[in-house]
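Every read-out reported here was derived from the displayed coordinates using simple, explicitly stated rules and does not represent laboratory data. On a predicted model such as this, the values are computed, not experimentally measured, just so you know. Cβ coordinates were reconstructed from backbone atoms using ideal geometry, including for glycine residues, and neighbour counts include every protein chain displayed.
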Amino acid sequence: MAAGLSLVLSGCMLPRSGPSAAEFARSADAGAIRLVEATAQDAAESQKADPGIGFTPEWQAVAPFNTDVIGVGDTLDVTIFERDGLGMFPAGQDGASRLTGLPVESGGAVQLPYVGSVPVAGLTPAEARSALLRRLRRVVLSSDVTVAISGRHSLLVSVQGDVTKPGMVPLGPETRRLTSLLSQAAPTPANLEQAVVTVRRGMQSTSLRLSDIFEQPAQDIALRPGDVVIVRNVVSAVSVLGAAGLQGRVRITKRAYSLIDAVADARGLNDAAASPGAVYLMRLSNPNELTATAPAVYHFDFRDPAQIAVAARFVVHDGDAVLIANAPFAQASKVLTAFSGVLNTARSAAQLAP
């Protein structure tokens, strides 16, 4: 009995769900963590977007691409009208000779009978008409011509990821900007705040939330041929440990998901165990420098209504951990419960003794 009582009183056999407030303080004194008393300024800082998120002013300033320009791989329909009566080009009843599906070759030119190679890449259909007329009049004294793009294979952007219609999409009047392209591709995530759009342009890449693109006109950038647009549904979560109503990973379901939201989704503080004055949020300032920088631990005192207001504005991020310390009385209660068990065991043993 004496040995059991000694172990109980020493607390060695008492389970706990997390560190105490005193242990947080000792870790801070040892330099293992940076203990910060949370303030309204900290809450304001937490609401700022991550650096590098959003399109740069240079990307935002890019003008919509001229989708009338002919490119390599496109196909053209050329209609030739001869007026000199020589009939070099076979004509229909209306007197027009129609050459359809003429490919723009890798060198940027289109091939016409009797005319040869005519460079058209980079020209509009009207400019290509003028170029063809100049060449045609070398062989046909009186002629006219029309040029139309029949197949678009040059001004393409790629749409990938969590969309209903992935694939290569030609740039046109309806798809010159990011929002119009996304509307056609139909992203599958129901929650726009949890969907991230990445645009790759050459060696550069930028990501931002889908909701930002639709809510901020400046983020609706003009697309360029060769852009790659990737939509992905991001599942973010925060871990809630200690004397919470429910321990585990809590999913972040909105943009400005606060510490109060996380605690509420974890069923609040455990009335029988939690210390409302010892609520902590642990955040790694730079996950790539774990050995160089101690994690920041923000302390909140939920006994103070002003601190609860700060917690309601303090935005948590993916990978954060919320720790709710046990109240001292909870450990004392465990001691008394264990002590009562020791006494009951001793009493039963005494009653059974001869």
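Using R₀ = 45 Å, calculate the FRET efficiency as 1/(1 + (r/R₀)^6) where r is the Cβ-Cβ separation of residue 318 and residue 153; round to 0.05.
On the way: r = 40 Å, r/R0 = 0.89.
Approximately 0.65, to the nearest 0.05.
Would you calculate the separation in nanometres between label points at residue 56 and residue 233, each defined as 7 Å from the Cα along the Cα-to-beta-carbon direction?
3.3
How far apart, in nm, are two points set 7 Å out from the Cα along the Cα-to-Cβ line at residue 309 and at residue 168?
It is 5.9 nm.
Using only the Cα atoms of the range 206-258, what do you get for the radius of gyration and for Dmax, in Å?
When restricted to the Cα atoms of the range 206-258, Rg and Dmax are 16.8, 54 Å.
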